[in-house]
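This report refers to the structure that appears directly beneath it.
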Amino acid sequence: MPELPEVETVRRGLASVSVNQPISGGEVLLTRTIAHPDADEFIDRLTGNTIASWQRRGKYLYAELHRQEKSAGWLGVHLRMTGQMLWLDRQEPIHKHTRVRLLVGTTSEIRFVDQRTFGQMWWIPPDRTPSDIMTGMAKLGPEPFDRDFSIEYFTTKLSKSHRNIKTAILDQTLVAGLGNIYADECLFMSRIHPNTLASSLKPKQIKTLHQAAIEVLTTAIDRGGTSFSNYLNVEGVNGNYGGEAWVYNRALQPCRVCDTPISKIRLGGRGTHFCPHCQPE
Ligand SMILES: [Zn+2]
């Protein structure tokens, strides 16, 4: 599943190739991919507009659309489990999991390829905001890079949490952007056992975890996302964070710090990796 760094990589990729180009048409191959409005209206609403920018909030991507220098609404996308936004030449053969084609400029297109079909797209009218229509966006907490994600904010939230720290930091209303991979990675970097009660963390541990959350996502974005999943960037190339994971997906392999075999447990229904020596209970 693409996590925040992969989605940011897709955003940057789309911004670098499609901005200031007009959408000249398109085709919906799987109608349920279009969450708003219906599939026919979706293509009509987009056609003739220019992509002015690509933005991201959590794992929601949205393009600002212009027509004759006025707002023409927004194109929203959520990749969910397996969605990919590929930038391709129109002559490229159509992959069988292609769900939506958007013709951009004169020879290229954005192809939304999605094997598991949970991905969604929206057109948001100019008199609404993206979070009005993509309602999941409104519930998101601050991202680790946001000014709102202060140590004070993080401390207050964790002090009220009766959950284990792994489950707490996966809660997107508390902090947006830490998925399963990066939650395990930043708990390792902070030397915190994932089953520690969130409200029992000491100020120093919270500070370390706060810093690790910022660091792990920044590093992953700099490297173009992970290759843990079947995620591909707009050129169809895997990211390379995968080779560098401390604990994620490394059960029984030696810890990169102390050689103790990495443990895997389930917490809140999620596979959780940690080093029992570096992250004592
Ligand atoms: Zn270790």
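Observations, loosely collected:
- Subset of region 247-268 that is at pLDDT 95 or above and on the phi > 0 side of the Ramachandran plot - its residue that is farthest from the chain's Cα centre (by Cα): D259
- Residues of region 124-165 that turn out to be in a helix (DSSP H, G or I) and either among the β-branched types (V, I, T) or within 18 Å of the chain's Cα centre (by Cα) (or both), as a count: 12
Residue-wise test of (1) outside any strand (DSSP E or B); (2) closer than 12 Å to I110 by Cβ; (3) touching a residue at least 12 places away in the same chain (Cβ under 8 Å); (4) in contact with a Leu (Cβ under 8 Å, 6 or more places away or on another chain).
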residue	(1), (2), (3), (4)
V7	yes, no, yes, yes
V10	yes, yes, yes, yes
N20	yes, no, yes, no
G26	no, yes, yes, yes
A35	no, no, yes, no
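- Qualifying residue in region 73-85 (condition: farther than 30 Å from T173 by Cβ and of a type outside the set (K, R)): no
- Verdict on W54 being under 30 Å from D171 (Cα atoms) and either more than 17 Å from the chain's Cα centre (by Cα) or outside any helix (DSSP H, G or I) (or both): yes
Conditions tested, residue by residue: (1) of a type in the set (F, W, Y); (2) more than 16 Å from L65 (Cα to Cα).
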{"position": "H97", "(1), (2)": "no, yes"}
{"position": "T129", "(1), (2)": "no, no"}
{"position": "E143", "(1), (2)": "no, yes"}
{"position": "Y153", "(1), (2)": "yes, yes"}
{"position": "K166", "(1), (2)": "no, yes"}
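The values are calculated or read from the model by the stated rules, or taken from the named source; none is laboratory data. Just so it is clear, the structure is predicted and the values come from calculations on it, not from any experiment. No Cβ is skipped: glycine too gets one built from the backbone with ideal geometry, and neighbour counts run over all protein chains shown.
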